[in-house]
1. Between a residue in region 624-649 that is crowded, with 20+ Cβ neighbours inside 10 Å and any residue that is among the aliphatic types (A, V, I, L, M), which pairs come within a Cβ distance under 6 Å, given they are 6 or more apart or on different chains?
2. Does ARG149 fit the bill of being within 16 Å of VAL231 (Cα to Cα) and open to solvent by 10 Å² or more (accessible area, probe 1.4 Å)?
3. So, ILE44, is that one touching a Phe, Trp or Tyr at 6+ places or on another chain (Cβ under 8 Å), open to solvent by 50 Å² or more (accessible area, probe 1.4 Å) and either at pLDDT 85 or above or not hydroxyl-bearing (Ser, Thr, Tyr) (or both) or not?
4. Yes or no: ARG94 at pLDDT below 90, under 26 Å from LYS243 (Cα atoms), under 35 Å from the mean Cα position of the chain (by Cα) and open to solvent by 10 Å² or more (accessible area, probe 1.4 Å)?
5. Modelled with pLDDT of 90 or more, open to solvent by 10 Å² or more (accessible area, probe 1.4 Å) and either within 27 Å of ARG668 (Cα to Cα) or part of a strand (DSSP E or B) (or both) - does that describe any residue in region 122-132?
6. Of the residues that sit in region 548-589 and are over 26 Å from ILE132 (Cα atoms) and under 21 Å from the mean Cα position of the chain (by Cα), which one is modelled with the lowest pLDDT?
7. Of all residues in region 537-585, count the ones that are of a type in the set (A, V, I, L, M) and either open to solvent by 20 Å² or more (accessible area, probe 1.4 Å) or closer than 30 Å to GLY48 by Cα (or both).
8. Quick one: in region 461-475, which of the residues that are in a strand (DSSP E or B), open to solvent by 10 Å² or more (accessible area, probe 1.4 Å) and in contact (Cβ under 8 Å) with a residue 40 or more places away in the chain is nearest to SER506 (Cα to Cα)?
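The values are calculated or read from the model by the stated rules, or taken from the named source; none is laboratory data. If you're wondering where the values come from, they're calculated on a predicted model, not measured in any experiment. Glycine gets a Cβ as well: all are built from the backbone with ideal geometry, and neighbour counts include every protein chain shown. Quick note on the areas: whole protein, heavy atoms, side chains included, nothing else; ligands and nucleic acids left out. Shrake-Rupley method; radii C 1.70, N 1.55, O 1.52, S 1.80 Å.
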Amino acid sequence: MNFRILLILLAILSGTGFINAQNASVRGRVFDAVSNEPLPFVNIIVDGTQTGAVSDLNGNFIITGLNAGFIRLQASFVGYKQAVSPEIEVSSARIANVDIPMESTDLQIDEVTVTASPFRKTEESPVSLRTIGIGEIENSPGANRDISRVIQSFPGVQSTPAFRNDIIIRGGGPSESRFYLDGVEVPNINHFATQGASGGPVGILNADFLREVNYYSGAFPANRGNALSGVLEFFQVDGNQDKLKFRGSVGASELSATLDGPIGEKTTFIVSARRSYLEFLFGILELPFLPNFNDFQFKLRTRFDKKNELTFVGLGAIDVFDLNLKIKDPDDQQKFILSSIPVNEQWTYTVGAVYKHFRENSFQTVVLSRNHLNNGAYKFLDNDDSSPDNKMYDFVSEEIENKFRFENNTRLDGFRLNFGASLEYSTYLNDTWGKRFYNNEVTEIIYKTDLNILKWGIFAQASKYFFDDRLSLSMGFRADANNYSDEMNNLLEQFSPRFSASYNLSPLWSLNFSTGRYYQLPAYTTLGFMVNNELVNKNNKIKYIAADHIIGGVEFRPNSNILFSTEFFLKNYSDYPYSINDSISLANRGADFGVIGDEELISASSGRAYGMEFQTRITSGKGFNMNLSYTLVRSEFAGPEKNYIPSSWDSKHLLVLTSTKELKRNWRIGTRWRYVGALPYTPWDLDKSSLVSAWNLTGAPYLDYERINSLRFKPFHQLDLRIDKAYYLNKATAKFYIDFQNFYNFQSEQQDIVVRDTDDQGNFILTDNGQRYQLRSVKNTSGTLLPSIGIIVEF
């Protein structure tokens, strides 16, 4: 990007043609969190101001005359705990809408000593729960409105210099997290997803939809299963209740359009579509790969009456990853990528319905959903498809899940009870042709899988406050099983208890604790892998993966907008899949493109991750926000011999400082500096890689797993800078931002590139009577100053 253009744009944005709209409005409804009954005469104020309103007999309110921007509302009412709304953006272009649920309490109003705070803590999850508002998502430096990158600013989350969105939490692998969109489970939230894990280079979720995110790094509620390290709950906005609205944006990699509005008096909708222009941009820059993605998202919500509501949600993506074979004289890095990366086509979707029925002291939730992933890739030796003999591998696989979940939430004699059950019918299809180099010989991997699995689970959790709400206790369990094998079909074998406690030492200080056992089903790629028409891992008695968590912490809240916290954590893993051929734990894989888990495995690996986290969060009503987090973490895994070695995620130190400041005339500046300690890596096995018979199966070198994670990269650090400018006009809103990733152009150390040497005629040089290639290693670094411009228009 030409810096002269950026300076010109900044000059334009700072011009005098600016309107600071001060007639923004917010409308909402206050109601009982359990019965959904409206609450009249509730006092609602804008956080940090004296501006507010009182709800009417139907719980409705409206506040006008506000300055445009991001705000939170506080609600207080006798017999109920003070409540804080999600962060919302108000402008004169549209009336913002917000729902504020309130929880009843037995305390009298003068007994309440803990004021409401945007830093949420629940009885079930008094530790390891962070709430992320829309302002942080929209304005996070270096994230480009991608939630997978926003959470990298929070404790325990590891980032990498590889420009991927792998979610690596507290030393666990990138396959250990689960995602929920308005209560509907979504298996994939990234484009070009790594099958069997969670990562990819670009997020699917459109930030236009997001209202708030709950990020759990432990203390998972009992109704959220199949996770070992993280759970992310995404809550979406509703469509505009008054009229049709449009929002369009141009970002660093894509164009998007979002439309929302009412359908009658009881229904609202919001729908979006995005399309990337990376294929065009990368082609101009002569990059060796040409990615192209499209995605869609929608939400439809109908409130039949105050006791019944129905929500439909949907999310989907279409991804194509092609190679740029038009480069005339590729350099070593281009040769390395072109030699090893396949052509990949992938599409995925999730659709779901959430029905809620409210009673006097309870509400019931029914969730029905279906998700489908189709992933295919093929590769020819040196990208020469003129002969079928050059084909290295070719596969197409599908993962299809049909899910049902019932939940009952009840308030009874001061207890909050949640219980329910789940049922799921899944299909895994795979058609694979390829060859692999095992034990110094070529092994054919040819199989077709048509696997159907029925899963079932139950869960329950009870929570209660004691001693004038100073002590909260929560106990729960869940149990899961399926019909894949005898090792997995007994609920009691996957019985998952959990316990949490929190005690307020004073209005400012609290002690928090949680412990539990959590289970996760191995990936479909593992369950469906076949040898000689047999499910080899079923014969190997593969099991659920287990992780035992112990978490303790201290919190200090000098006021409702400042939080200091410290947490200690320990995770002990058992029955992790272990590779028969490579003799490594599968926990070390997943942060790369492709597929993991499609090999012979046994449940013989154990692991441990432990450390401590420190966090300071400031959310100032004066426009200053800061998030400082430091994590000391160790991550180690072992095979059957119990010899623990550092895992691929053993970074030791994670430090992130993110801050934003609102300036005059709707300017905002933000910075994020992050530091990741020296990550372990495995060196290449150049002797094995030089064999023609081995190289020609992958087009890339092989790792030396006898020296797994024996070396470490130098620490990685990066500064991101972002400048925002907003125009809040009477009937429209326009926003512009400039984002500089890696502002001081830090060059991070990467694994050496390995290429085959060629002679003057371009022929590969062979040695050992033509049995080996002559290989050459090239030092490799990653990192460049990456400026980008974003434009968002709403009317």
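1. Every condition considered, the pairs that remain are SER629/VAL656; THR631/LEU654; SER635/ALA609; PHE637/ALA587; SER647/ALA587; TRP649/ILE168.
2. Values: within 16 Å of VAL231 (Cα to Cα): yes; open to solvent by 10 Å² or more (accessible area, probe 1.4 Å): yes.
The answer is yes for ARG149.
3. Working: touching a Phe, Trp or Tyr at 6+ places or on another chain (Cβ under 8 Å): yes; open to solvent by 50 Å² or more (accessible area, probe 1.4 Å): no; either at pLDDT 85 or above or not hydroxyl-bearing (Ser, Thr, Tyr) (or both): yes.
It is false that ILE44 is touching a Phe, Trp or Tyr at 6+ places or on another chain (Cβ under 8 Å), open to solvent by 50 Å² or more (accessible area, probe 1.4 Å) and either at pLDDT 85 or above or not hydroxyl-bearing (Ser, Thr, Tyr) (or both).
4. Details: at pLDDT below 90: yes; under 26 Å from LYS243 (Cα atoms): yes; under 35 Å from the mean Cα position of the chain (by Cα): yes; open to solvent by 10 Å² or more (accessible area, probe 1.4 Å): yes.
Here the answer is yes, as ARG94 does meet what is asked.
5. Restricting attention to region 122-132, the residues satisfying the condition of being modelled with pLDDT of 90 or more are 122-132.
Now narrow it down to the ones that are open to solvent by 10 Å² or more (accessible area, probe 1.4 Å): 122-124, 129-130.
Retained after the next criterion (residues that are either within 27 Å of ARG668 (Cα to Cα) or part of a strand (DSSP E or B) (or both)): 129-130.
There is at least one residue in region 122-132 that is modelled with pLDDT of 90 or more, open to solvent by 10 Å² or more (accessible area, probe 1.4 Å) and either within 27 Å of ARG668 (Cα to Cα) or part of a strand (DSSP E or B) (or both).
6. Applying the filter and picking the extreme gives ARG589.
7. If we filter region 537-585 for residues that are of a type in the set (A, V, I, L, M), which is where we start, we get 542, 545-547, 550-551, 554, 562-563, 570, 580, 584.
With the extra rule that they be either open to solvent by 20 Å² or more (accessible area, probe 1.4 Å) or closer than 30 Å to GLY48 by Cα (or both), the set shrinks to 550, 554, 562-563, 570, 580.
Residues meeting the conditions: 6.
8. At the first step, the residues of region 461-475 found to be in a strand (DSSP E or B) are 461-466, 471-475.
Now narrow it down to the ones that are open to solvent by 10 Å² or more (accessible area, probe 1.4 Å): 461-462, 464-466, 471, 473, 475.
From the residues that got through so far, the ones that are in contact (Cβ under 8 Å) with a residue 40 or more places away in the chain too are 461-462, 464-465, 473.
Working: GLN461: 27, ALA462: 25, LYS464: 19, TYR465: 15, LEU473: 17 Å.
Top of the filtered list is TYR465.
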